[in-house]
Structure formats: structure tokens, C-alpha cells
1. Taking the Cβ of Asn302 as the centre, find all other residues whose Cβ is under 12 Å away and add up their charges (Lys, Arg: +1; Asp, Glu: -1).
2. With an 8 Å Cα cut-off and a minimum separation of 6 or more residues, compute the relative contact order for region 2-105 in percent.
3. Between Arg151 and Lys274, what FRET efficiency comes out of the Förster formula 1/(1 + (r/R0)^6) with R0 = 22 Å and r the beta carbon distance, rounded to 0.05?
4. Using alpha-carbon positions, what is the distance between the centroids of region 14-56 and region 159-196, in Å?
5. What percent antiparallel are the DSSP beta bridges of the chain, to the nearest 5?
6. Using the Karplus curve 6.51 cos²θ - 1.76 cosθ + 1.60 with θ = phi - 60°, what ³J(HN,Hα) values do you get for each residue of region 225-237, in whole Hz, with x for Gly and Pro?
7. Relative contact order of region 96-202, please, whole-number percent, based on alpha carbon pairs below 8 angstrom and at least 6 residues apart.
8. What are the ³J(HN,Hα) couplings of region 28-39, residue after residue, when phi is run through the Karplus curve with 6.51, -1.76, 1.60 and θ = phi - 60°? Round to Hz, x for glycine and proline.
Amino acid sequence: MKILCDHPGGNIIVYTIDYTNACIKVNLSQDLRGTANWWFYWNFRIVDCPVGRVHFSFQNRKVISPHGVATSTDGIEWTWTESNGFIDHMNFTYDFTGETVRYFSFCIPYQVSDYEQFILKLHDKPIKTGILTHSEKGRQVPLLTFGGGARAVILTARHHCCEATGSYALEGFIREVLAKPDEYSNYRFFVIPFVDIDGVEEGDQGKDRIPHDHNRDYGEDSIYAATRAIRELCQHLDVAAAIDFHSPWCWGGGDDFPHLHLGPAVGDDPDLQKHFSDRLHEISKTIPYDDTYISHYGSPYNKEGAPAFKNWFALKKGVPLALTVETPYSGALPRGYSKEDMRAFGACVARAMKITLD
Ligand SMILES: [Zn+2]
């Protein structure tokens, strides 16, 4: 049995593998490299899988969700283990039945290869795929554009690289717009699906990246190429909305429900973001949304003046609908979120945006 993390998004530290009992026991933890604070993302695969039960014991706090862990045999199709093998938030067991490789992850991952497959499925749509810039490690940072309207809508994900659920919501948003081009004809969409693409592919946490993370890079000078390029891209655009897709804290309380971090109120209608929230509440059914857990600008987790994406768009570009959408990692449904659940939620974000702006 080998435990590996050299696949895109892989992240694990293995301390010991104990074969002395009938049930193999692995002591391991998430890798916090490059991160200032504790975080919870991990993602590994096993090759030369044994047959029988293996006990995985995480050594650095609680990192197994109430829906268990996400698992896959190909790194593409994932299911939640739910209560199967769940011991507590630091321990789970898995009964291997003869597979050659098996993936386990804190959440359903979303890598560049997932995005490429998504783009392939849009081959008959009027989209333009391009490159925003190159990352610090030389990767191409994708830029997707579509729509012929006069006003720009900026969509981003993975300012915090481990926050994969936001990417599925973003897919749903894009799919919705492309399915109904007439309804969205006032807008031209600019999508940056991987702001911290190096972290996405290398399996970093990304949140609280040292010296600051990509969503704290909208101060006087940006230190990351992607954020610099986003600012340059938008310099001469008339931006109607700037929506940044994230995932929240690991689980619990409001973090089990989709919620918004509002930007500062700017423009003629100080209630515009509230209108958006109300529309989202009316529309979103698969993953119910309400305003219970809204994080208002100026609250403890939404500090006034933080050099974040949404604040830059509101305060420097005067964009009234500039906010963060948080899609939970596994959520409060009876089952952990599926990819389609998250896409359905993203489609509702698009519709709520359109109704609000129109
Ligand atoms: Zn985030």
C-alpha cells in the first residue's frame, strides 16, 4: 500500500503505517505548508490498495466532515462516505475490496482538468478561452469570456485555492448564462476560474497564505500576477457585478449553509445586495438559501477596508453588486453536496444577479 499526493490537488503528510494488527492503521495529517494558520484541506490517493479495512487517523484536529470523506476510484467521479466508516471527525475506516487506486479528500476537489472537461462540453457555445496571465510558477491562468453586452460581469473563484465547491457553483453560473443567452444579453462575462492556480494544482490550503492570500492582494500593490492582471483587465470596463466564489469554514453553524459576504454599499441603491439576497432566497431550491448567515460589511469576518476582491470592486470601481458567495463543502442536506447540487446553486446565483440588475 502506497499513500501518495503527487496528483493535482494532492495534500497529505503520512507519519506512520502500522501493519501489526488485523486492521492497518495510518497516522496522517493535512499539510499546512505556506499557510499562516490552521486549515483543514487534504487529498490523497492510495495505490496498491490492500483488501480489507484500513483505519485512517488524522493527527491535527478535526478534518473529517459530518458527511464523511469524499472518495473516488478515478479522481473524477466522487461520492461521500457519509456514516460508512465514520468514527469521529479525526478518524475513519475504509473497507477496500480490490480496487487498484482509491482517492480520498476532505471535499470533492475541482482541478484544472475538471475545468478543461467543462470547457470541452461547451464546444458549441460562443465562448472565448484565453489566458489572463502566467502564475508565479509559470502556469497559464485561464480567462473565459462570453456574451456581447455593454456591461461587464466579473466572476472569479479560487482566490483561496482549496475552496473547490465555489468552482462547481461557478460552473453552474456559466452554464445557466450560456443556456439562455437572450436573457443575459446586456452583459459581457469575464471569468477567472483559478486565481491561485499554483495552489489549486499543488494542493495548498491557500487561505491565509504567507505573506497574505490572494483575496488580501487588492491593496496598493498586488504581489500576485493574477490579481494584478484582474485589476488591469477591469481598468476600462464598465463593471455591473463582481462575484467571487468561495467555500467557507469546514462545517458547522452557518458554514453548513450557503451565504454571502457583502461588499460595502456603493451606488444609488444601498439595498441592492439585499435585493440580490432576497431573489436568491426565492430561487434557490436544491440548496436552500436564506439571509440568516449573511456576513455584513464591517462584521468580524468581513472587516471594513480589507484589501479583498469585492471591496476593491466596490470602493475603487464603484460596483454596487460586488460580493462573495460561499458554497459549503458538504452542506446541511441529508447527503453531502453533489457536483450537480452545487452547479444548481450557481445557476441560481446567475438568475438572482440578472433579476437584481435588470
Ligand atoms: Zn475563501
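1. 0
2. Values: 221 pairs, mean separation 28.9, N = 104.
The normalised contact order for region 2-105 reaches 28 percent.
3. Efficiency, from the Cβ-Cβ distance: 0.60.
4. For region 14-56 versus region 159-196, the Cα centre distance is 34 Å.
5. Given both bridge residues lie in the chain, the antiparallel proportion sits at roughly 65 percent.
6. The phi angles translate into 4, 5, 5, 4, 5, 5, 5, 5, 4, 8, 3, 10, 9 Hz.
7. Relative contact order for region 96-202 comes out at 33 percent.
8. Here the 3J(HN,Hα) series is 8, 7, 5, 9, 9, 3, x, 10, 6, 10, 5, 8 Hz.
The values are calculated or read from the model by the stated rules, or taken from the named source; none is laboratory data. This one's a predicted model, so the numbers in the text were calculated from it and none came from an experiment. Don't worry about glycine lacking a Cβ; one is built from the backbone with ideal geometry, like all the others, and counts go over all protein chains shown. The area values use the complete protein model at the heavy-atom level, side chains included, leaving out ligands, DNA and RNA. Shrake-Rupley method; radii C 1.70, N 1.55, O 1.52, S 1.80 Å.
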